[in-house]
1. Using the structure shown, decide if A:E14 is of a type in the set (D, E) and either in contact with a Leu (Cβ under 9 Å, 6 or more places away or on another chain) or more than 30 Å from B:I50 (Cα to Cα) (or both).
2. Is one or more of the residues making up region B:14-27 β-branched (V, I, T) and under 20 Å from A:G42 (Cα atoms)?
3. Select from region A:57-73 the residues that are under 24 Å from A:L97 (Cβ atoms) and touching a strand residue (DSSP E or B) at 6+ places or on another chain (Cβ under 6 Å) and write down the one among them that is most open to solvent (accessible area, probe 1.4 Å).
4. Identify, please: which residue in region B:82-113 is closer than 30 Å to B:G17 by Cα and without any contact (Cβ under 8 Å) to a residue 60 or more places away in the chain and is, among those, nearest to the other protein chains (Cβ to nearest Cβ)?
5. Looking for something within 14 Å of chain B (Cβ to nearest Cβ), open to solvent by 10 Å² or more (accessible area, probe 1.4 Å) and of a type in the set (A, V, I, L, M) - is there at least one such residue anywhere in region A:80-97?
6. Determine whether A:T13 is β-branched (V, I, T) and open to solvent by 20 Å² or more (accessible area, probe 1.4 Å).
7. Would you list the strands (runs of 3 or more DSSP E) that sit entirely within region B:13-113 and hold 1 or more residues that are open to solvent by 10 Å² or more (accessible area, probe 1.4 Å) and among the hydrophobic types (A, V, I, L, M, F, W, C)?
8. List every residue pair whose Cβ atoms lie under 6 Å apart, where the two residues are 6 or more positions apart in sequence or sit on different chains, the first residue falls within region B:53-67 and is farther than 13 Å from B:I21 by Cβ, and the second residue, located anywhere, is open to solvent by 30 Å² or more (accessible area, probe 1.4 Å) and in a strand (DSSP E or B).
Amino acid sequence: DAGITQSPRHKVTETGTPVTLRCHQTENHRYMYWYRQDPGHGLRLIHYSYGVKDTDKGEVSDGYSVSRSKTEDFLLTLESATSSQTSVYFCAIRGYLGYTFGSGTRLTVV
Amino acid sequence: QQQVKQSPQSLIVQKGGISIINCAYENTAFDYFPWYQQFPGKGPALLIAIRPDVSEKKEGRFTISFNKSAKQFSLHIMDSQPGDSATYFCAASQETSGSRLTFGEGTQLTVNP
């Protein structure tokens, strides 16, 4: 998607290991968001950021932390991955025309 | 707490028919109601959005109907095409609280040729 990239696109990790997902934007937007998508639940907000070093929790933040040291990068860290965190993770930016989502990271915790 | 409830979970429509997806919300402070379309392996993409000061918005074959008193809004896809087969999400947000979108559960739409 134009202006926003997520990495990696796929990852398999073991239970108990830390994992970091990266979201990079080229649009210089202030607001960035991390969502997870699971069948039957739609997309649920994990954390969001309203500026460099300014972050807040969403509805499913337990087990996750975020950091935003530069406007363009928003990192999501699973401190100790669990099988319940197997999901597709989407980053989004809020622009003038609404949200733009990245292509997602499919994370599998085994 | 599910603040936005979406139905149906899945929908099968014949080509040329009308697809209707419904959403209901609880938080009366919501003031922005978008619909997103998602194809497999892709992120959701904004389809159409409405604010509560209007009751209907139309863009091409896509129309949002909004009923503020009932706290409901719906997406109508006219002349549905096989290329419309995708997952559709309604969402809602309050612009003064960081514009955090709350999503419905999603509707898997299949349009048969």
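The values are calculated or read from the model by the stated rules, or taken from the named source; none is laboratory data. These figures come from a predicted structure and were not determined experimentally. Cβ sites come from the backbone with ideal geometry, for glycine too, and all protein chains shown count toward neighbours. Areas reflect the complete protein model, heavy atoms only, side chains present, ligands, DNA and RNA absent. Shrake-Rupley method; radii C 1.70, N 1.55, O 1.52, S 1.80 Å.
1. Working: of a type in the set (D, E): yes; either in contact with a Leu (Cβ under 9 Å, 6 or more places away or on another chain) or more than 30 Å from B:I50 (Cα to Cα) (or both): yes.
Considered against the rule, which asks whether it is of a type in the set (D, E) and either in contact with a Leu (Cβ under 9 Å, 6 or more places away or on another chain) or more than 30 Å from B:I50 (Cα to Cα) (or both), A:E14 comes out as yes.
2. As a first pass, look at region B:14-27 and keep what is β-branched (V, I, T): B:18, B:20-21.
From what's left, under 20 Å from A:G42 (Cα atoms): B:20-21.
Checking region B:14-27: at least one residue is β-branched (V, I, T) and under 20 Å from A:G42 (Cα atoms).
3. Within region A:57-73, the subset under 24 Å from A:L97 (Cβ atoms) is A:58, A:68, A:70-73.
Next cut, touching a strand residue (DSSP E or B) at 6+ places or on another chain (Cβ under 6 Å) only: A:58, A:68, A:72-73.
Values: A:G58: 21, A:R68: 9, A:E72: 65, A:D73: 18 Å².
Result: A:E72.
4. Among those residues, the one meeting the criterion is B:T87.
5. Scanning region A:80-97, I find at least one residue that is within 14 Å of chain B (Cβ to nearest Cβ), open to solvent by 10 Å² or more (accessible area, probe 1.4 Å) and of a type in the set (A, V, I, L, M), so the answer is yes.
6. Details: β-branched (V, I, T): yes; open to solvent by 20 Å² or more (accessible area, probe 1.4 Å): no.
Taking the combined requirement at face value, the residue does not satisfy it.
7. Values: elements: B:19-25, B:33-38, B:45-50, B:56-59, B:62-67, B:72-77, B:86-92, B:107-112.
Ranges flagged: B:19-25, B:45-50, B:62-67.
8. B:E56/B:S65
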